[in-house]
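Data first, discussion second: the structure below is written as structure tokens.
Each reported figure results from applying straightforward, stated rules to the coordinates on display, with no laboratory input. Note that the structure is a prediction, hence the values are computed from the model and not measured. Here the Cβ positions follow ideal geometry from the backbone for every residue, glycine too, while neighbour counts run over all protein chains shown.
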Amino acid sequence: MQLVHAGRMPWGENLASQRAGRMAHKRLFEGTEGTPDNYLLVLANEGSDYYSPRHRHAWDQVRLCLQGSVPIGRELKIDAGEVGYFPEGVHYGPQEGGPDRIVLLLQFGGASGLGYLSPAQVKSGYDRLRECGAFEQGVFRRTSGDGKKNQDAYEAIWRHVTGHELHYPAAAYRAPVILRPGGFAWRALAGCPGVRRKLLASFPERGLELEFIALDSGAQYALEPSSLRRFVFVREGTGSCAGEPFFPHSAARLEPGETTSFSAATPSELFVIAVATLAAPPAH
């Protein structure tokens, strides 16, 4: 188990410079580059001038809006406290306007096994492509070299990094799924005094589960062994985790089989993302 404290980190570089507008990130946890379930968990600070054209992913994404509101379409947004699930292959956008916002963002390889490019791979592709074109409003406009003259920025980077065009998996959903936790009831957790749970959703295709855990002052919550990889984000509250203090915006990562416990010194709320690991494809 690893524990980090995003609330004590400075804002870092923009990890999505292929899009337009202001953005900064705090890297919390990263997976292994080149694997089908590579992932990246960050806090994102997005400006109101951020812009991304209508697009889709070849991987999955979960967003928890902490402050502000995230526009994801002409008349669709994720407000503070809401959770969005963006399955691979599903179109959304354009993203434009809205207020400044802070978002917890997990991106991870989807069920198709196409994987997820690491920040280093994206930056390398971005830098190299700028030698033969320009990125404008989330689109790469080529002025020399082989390839499409105008292409979605991420698609162009994918082609450069992998050597082949991005062929999206068939979408299993018509649109992103927006969950409104305020509409879910807290349920007492048996055998855990002062602990309550909101199970938001389970998406079996990727083995994804989303839930909130609330702890009263003095309550303790133990995460038992699981076959899933789990990310636990402290939305609010203070206490200790496996003997280390936690604060608002602390985050823990548990690999399959790992356990830990949270003891709340003040009323606390945890957001838990659990996702199955994907095996590497067989060697040819």
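Details
- All Cα-Cα separations within the chain were binned at 10 Å from zero, giving a P(r) of 6, 28, 36, 21, 7, 2, 0, each value a whole percent of the pairs.
- Put simply, the convex hull of the Cα atoms in the range 184-275 casts, on average, a shadow of 5.5 nm².
- The Cβ shell under 12 Å around Gly109 holds other residues with a net charge of -2, Lys and Arg each +1, Asp and Glu each -1.
- Taking Cβ atoms as reference points and 11 Å as the exclusive limit, the residues near Glu205 contribute a net charge of -1, counting Lys and Arg as +1 and Asp and Glu as -1.
- The range 1-131: Cα Rg divided by the 2.2 N^0.38 Å rule of thumb: 1.03
- Euclidean distance between Cα centres, the range 172-214 to the range 120-144, Å: 39
- Between the range 7-46 and the range 233-284, the Cα center-to-center distance that results, in Å: 18
- Residue among Leu215, Ala188, Ser227 farthest towards the positive dipole end of the range 184-275, charges placed on Cβ: Ala188
- Calculated [θ] (222 nm, deg cm²/dmol) that DSSP helices of n ≥ 4 give over the chain, each run adding -39,500 (n - 2.57): -2000 deg cm²/dmol
- On Cα atoms only, tilt of 153-162 relative to the major axis of the chain in degrees: 90
- The lysine pair tally for the chain, using Cα distances under 26 Å and a gap of 8 or more places or different chains, is 5.
- Semi-axes of the equivalent ellipsoid for the range 117-249, computed as √(5λ) from the eigenvalues of its C-alpha gyration tensor and ordered from largest down, come to 44, 18, 14 Å.
- A simple spin-label model places pseudo-atoms 7 Å from Cα toward Cβ; at Arg54 and Glu33 they are separated by 3.4 nm.
- Förster radius 22 Å - calculated FRET efficiency between Arg141 and Ala24 (Cβ-Cβ, nearest 0.05): 0.30
- Structure remark: mean-square fluctuation, Gaussian network model of the chain, C-alpha springs under 10 Å; the largest value among Asn150, Asn45, Asn14 belongs to Asn150.
- Rounded to the nearest 20 debye, the dipole size of the range 18-173 about its Cα centre is 340 debye, using +1 on the Cβ of Lys and Arg and -1 on the Cβ of Asp and Glu.
- Neighbours of Ala153 by Cβ distance under 12 Å: Lys/Arg scored +1, Asp/Glu scored -1, total +3.
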